[in-house]
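**Student:** Can you read through this structure? Questions will come right after.
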Amino acid sequence: MESEARTPGVNPEGQLLLDAIRKQNIDEVLRLLQNGVDVDTKDENGNRALSIAAGIGSCEIVQTLLRFDAKIHVDGEKREAPLCCRCPP
């Protein structure tokens, strides 16, 4: 999978993870995480992968990131908690 647009400050592997999350490609997200890509990769605004997945309402990806020990705390420019989304328990 090729990265769409290079985000300044994000390593290529992290960019692939962010791209897969935005495309809601759970298989690619899982593959990348299993191959050691940092689960807490941040975008150019400081939003971690978990915040991005939660923001688009991708509960399956949120759960996957949590299984890989994604950090749960406030981040990004808006200082929002990542799990403010529509995911059922």
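The values are calculated or read from the model by the stated rules, or taken from the named source; none is laboratory data. On a predicted model such as this, the values are computed, not experimentally measured, just so you know. Cβ atoms come from the backbone with ideal geometry, glycine included; neighbour counts cover every protein chain shown.
**Student:** What are the residues in the stretch 23-39 that are among the charged types (D, E, K, R) and surrounded by 16 or more Cβ atoms within 10 Å (Cβ to Cβ), if any?
**Tutor:** Passing the criteria: 28, 38.
**Student:** Now, a different point. Any idea which residue in the stretch 65-89 is surrounded by the most Cβ atoms within 10 Å (Cβ to Cβ), counting only those that are in contact with a helix residue (DSSP H, G or I) (Cβ under 6 Å, 6 or more places away or on another chain) and modelled with pLDDT of 85 or more?
**Tutor:** 65
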